[in-house]
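Read through the structure below, which is laid out as structure tokens, and then see the notes.
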Amino acid sequence: MAEKLSKGTALIGQSGGPTAVINQSLVGVVEELRASLVKRGIVQRVYGMRHGVNGLVKGELVDLTRYPAAKLQRVAITPSAALGSSRDKPDAEYCARILERCKLVNARYFFYIGGNDSSDTCRIVSELAAGSGYELRCFHVPKTIDNDLMGSDHTPGFPSAARFQALAFMSDSMDNASLPGVKINVVMGRHAGFLTAASALARGTGKGTQNNGPHLIYCPEIPFDSTRFLQDVERVYTKLGRCQVAVSEGIQDANGEPIVATLLKFLEKDSHGNVQLSGVGALGDALADHVKNNLKLTGSKLRVRADTFGYLQRCWPDPSPIDSKEARIAGKMAVKHAARGQMSGSIAITRAKGRLYKPEFNLIKLSDVAAKTRHMPQHFFDGHCDVSKAYLDYLRPLVGELPVMERI
């Protein structure tokens, strides 16, 4: 369909929180553009946007058309966003400025790697371009550690972050068993609990693993009750003499109020007006104090500690092998759809039916993803503070092989 494609430049950007594999998608887009549209003379230049659309409107572009292949391969396996990322949440006026910049550099192909806000940016820019009669093909390449994009079985970035959770909780559980006490670990996830729930993989399988942590798992989808939480901790501690807790930063009460806001006052707000959850230890400290002040157990003084994993969990340089592969393919597939004449869309990864894991890559409408949030389904939970076998079966093929730990 080369005769139906407009000649011009291609733009690539990265947005939102970085991941361990977001650069795989970047390199996938660049490689496929070179192999198809650049080779056929349709795309004359491939530009990377510094810090997403923020860099585009400022004219901060880097030419990737002939960027050395060996360096690209090193970029691919490097965590974080190689072009720099952005937390900008463009509205219609901002997107109009984006479109003007696209016209200025004769961009006809626009690829944006990010989460649901990034897909919304693609949607608005695509609609504005169509409304003005300017041919611009806009494609969203998915990325998020929260795994909360609609239309997908899972999202690039999530399996690697889930692997981090499994390993971190596994080692922390051994620490908790060595020096018993109550240990609370706060995991990213404002609205979706997929990442917090991944901590359950730390328990391992087989004999002798039934007492491994995490012993309690709390996700945003199930209302959190601070009184019930104390009862849960007391139940586990009385039985095992220790208790490891996985809790999502976004847990909320039955009224939808973030728990951290009910326990602490005067919290900072982020750039979108939301209570700041990531990168602060407020929730962990508040829950630790709640246990110390209200849980009275016989015997020695209760040892309670809390850690907030924070940004460390996004870009740990031990990605899931499947995640690395799929992130690269997602970038390539976006270009393939553009080369086939599609005007816009978002790449979605689904799971083929069958006993063995096999991914499928589909193109879905930007409006099906944009500004929407996917939550963990109820069948992935077991009660109010655990996950089901169905969730573990869903997750295991994605994270890669995990070590087996042993205690005397």
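Using beta carbons and a limit of 7 Å, which pairs, at least six apart or on different chains, have the first residue in the range 18-40 and at positive phi and the second one crowded, with 24+ Cβ neighbours inside 10 Å and at pLDDT below 95?
Matching pairs, first to second residue: none at all.
Name, by its number, the condition in (1) surrounded by fewer than 15 Cβ atoms within 10 Å (Cβ to Cβ); (2) without any contact (Cβ under 8 Å) to a residue 60 or more places away in the chain; (3) more than 23 Å from Gln342 (Cβ to Cβ) that does not hold for Ile77.
Ile77 satisfies all of (1) surrounded by fewer than 15 Cβ atoms within 10 Å (Cβ to Cβ); (2) without any contact (Cβ under 8 Å) to a residue 60 or more places away in the chain; (3) more than 23 Å from Gln342 (Cβ to Cβ) except (2).
Filtering the range 383-408 down to residues that are acidic (Asp, Glu) and surrounded by fewer than 15 Cβ atoms within 10 Å (Cβ to Cβ), which residue is farthest from Asp117 (Cα to Cα)? Talk me through it step by step, then tell me what you get.
First, pick out the residues of the range 383-408 that are acidic (Asp, Glu): 386, 393, 401, 406.
Narrowing the set further to residues that are surrounded by fewer than 15 Cβ atoms within 10 Å (Cβ to Cβ) leaves 393, 401, 406.
Numbers: Asp393: 29, Glu401: 32, Glu406: 43 Å.
In this case the residue turns out to be Glu406.
Is the range 314-332 home to any residue that is buried (at least 19 other Cβ atoms within 10 Å of the Cβ) and modelled with pLDDT under 95?
yes
Can you tell me which of Gly17, Gly52, Gly114 is buried (at least 16 other Cβ atoms within 10 Å of the Cβ) and modelled with pLDDT under 95? Give the steps one after another, and end with the answer.
Values: Gly52 fails: modelled with pLDDT under 95; Gly114 fails: modelled with pLDDT under 95.
After applying the criteria, what remains is Gly17.
Search the range 339-359 for residues being free of Cβ contacts under 8 Å to residues at least 24 places away in the same chain and of a type in the set (Lys, Arg), and hand back the single one that is surrounded by the most Cβ atoms within 10 Å (Cβ to Cβ).
Lys358
Just to verify a result, which residue in the range 221-261, among those that are touching a residue at least 24 places away in the same chain (Cβ under 8 Å) and of a type in the set (S, T, N, Q), is surrounded by the fewest Cβ atoms within 10 Å (Cβ to Cβ)? Steps first, please.
Start the filter on the range 221-261 by keeping residues that are touching a residue at least 24 places away in the same chain (Cβ under 8 Å), which leaves 221-226, 228-230, 232-234, 237-238, 240-254, 259-260.
From what is left, the residues that are of a type in the set (S, T, N, Q) are 226, 238, 244, 248, 252.
Details: Ser226: 16, Thr238: 11, Gln244: 26, Ser248: 30, Gln252: 20.
If we take residues in the range 221-261 being touching a residue at least 24 places away in the same chain (Cβ under 8 Å) and of a type in the set (S, T, N, Q), then Thr238 is surrounded by the fewest Cβ atoms within 10 Å (Cβ to Cβ).
Looking at (1) under 25 Å from Val335 (Cβ atoms); (2) assigned to a loop (DSSP other than H, G, I, E, B), which one does Asp146 not meet, given that it meets all the others?
Condition (1) is where Asp146 drops out.
Of these, Ala20, Ala10, Ala35, which one is touching a Lys or Arg at 6+ places or on another chain (Cβ under 9 Å), of a type in the set (A, V, I, L, M), part of a loop (DSSP other than H, G, I, E, B) and closer than 20 Å to Phe361 by Cβ? Quick ask: steps written out before the conclusion?
Working: Ala10 fails: part of a loop (DSSP other than H, G, I, E, B); Ala35 fails: part of a loop (DSSP other than H, G, I, E, B).
Residue meeting the stated conditions: Ala20.
Count, please, the residues in the range 81-94 that happen to be surrounded by fewer than 18 Cβ atoms within 10 Å (Cβ to Cβ) and either part of a helix (DSSP H, G or I) or modelled with pLDDT of 95 or more (or both). It would help to see each step written out before you state the result.
Initial filter on the range 81-94 (surrounded by fewer than 18 Cβ atoms within 10 Å (Cβ to Cβ)): 87, 89, 91-94.
Right, trim to either part of a helix (DSSP H, G or I) or modelled with pLDDT of 95 or more (or both) and you get 92-94.
Residues meeting the conditions: 3.
Going residue by residue through the range 161-172, is there one that turns out to be in the same structural domain as Asp289 (by TED's automatic domain parsing), surrounded by fewer than 24 Cβ atoms within 10 Å (Cβ to Cβ) and at pLDDT below 95?
So far as the range 161-172 goes, no, none of its residues is in the same structural domain as Asp289 (by TED's automatic domain parsing), surrounded by fewer than 24 Cβ atoms within 10 Å (Cβ to Cβ) and at pLDDT below 95.
Looking at the range 41-68, which of its residues are in a loop (DSSP other than H, G, I, E, B) and without any contact (Cβ under 8 Å) to a residue 40 or more places away in the chain?
Of the residues in the range 41-68, the ones in a loop (DSSP other than H, G, I, E, B) are 41-42, 50-52, 58-60, 64-68.
Passing the criteria: Gly41, Arg50, His51, Lys58, Glu60, Thr65, Arg66, Tyr67, Pro68.
Out of (1) farther than 30 Å from Cys243 by Cβ; (2) modelled with pLDDT of 95 or more; (3) crowded, with 19+ Cβ neighbours inside 10 Å, what's the single condition that is false for Asn362?
Going through (1) farther than 30 Å from Cys243 by Cβ; (2) modelled with pLDDT of 95 or more; (3) crowded, with 19+ Cβ neighbours inside 10 Å one by one, Asn362 breaks only (3).
For the condition farther than 14 Å from Asp386 by Cβ and part of a loop (DSSP other than H, G, I, E, B), what is the one hit in Thr238, Thr227, Thr205?
Numbers: Thr238 fails: part of a loop (DSSP other than H, G, I, E, B); Thr227 fails: part of a loop (DSSP other than H, G, I, E, B).
Being farther than 14 Å from Asp386 by Cβ and part of a loop (DSSP other than H, G, I, E, B) holds for just one of Thr238, Thr227, Thr205, which is Thr205.
Residues of the range 370-399 being part of a loop (DSSP other than H, G, I, E, B), at pLDDT 95 or above and either at positive phi or touching a strand residue (DSSP E or B) at 6+ places or on another chain (Cβ under 7 Å) (or both), which ones?
Listed by number, the residues that qualify are Gly383, Cys385, Asp386, Ser388.
Applying the selection to the range 110-123, what residues are outside any strand (DSSP E or B) and touching a Leu at 6+ places or on another chain (Cβ under 9 Å)? Before the answer, list the steps.
To start, the set of residues in the range 110-123 that are outside any strand (DSSP E or B) comprises 115-123.
Listed by number, the residues that qualify are Gly115, Asn116, Ser119, Asp120, Cys122, Arg123.
Restricting attention to the range 1-12, does a residue exist that is in contact (Cβ under 8 Å) with a residue 24 or more places away in the chain, buried (at least 19 other Cβ atoms within 10 Å of the Cβ) and basic (Lys, Arg)?
No, the range 1-12 contains no residue that is in contact (Cβ under 8 Å) with a residue 24 or more places away in the chain, buried (at least 19 other Cβ atoms within 10 Å of the Cβ) and basic (Lys, Arg).
Could you look through the range 178-202, keep only residues that are in a helix (DSSP H, G or I) and touching a Leu at 6+ places or on another chain (Cβ under 9 Å), and pick out the one that is farthest from His154 (Cα to Cα)? Give the steps one after another, and end with the answer.
In the first step, residues of the range 178-202 are kept if they are in a helix (DSSP H, G or I); the result is 178, 194-202.
Right, trim to touching a Leu at 6+ places or on another chain (Cβ under 9 Å) and you get 194, 197-198, 200-202.
Numbers: Phe194: 10, Ala197: 14, Ala198: 13, Ala200: 17, Leu201: 17, Ala202: 20 Å.
Looking at the filtered set, the residue picked out is Ala202.
The values are calculated or read from the model by the stated rules, or taken from the named source; none is laboratory data. Predicted model only: the values in this text are computed from it and were never measured. Here the Cβ is made from the backbone with ideal geometry for all residues, glycine too, and neighbour counts use every protein chain on show.
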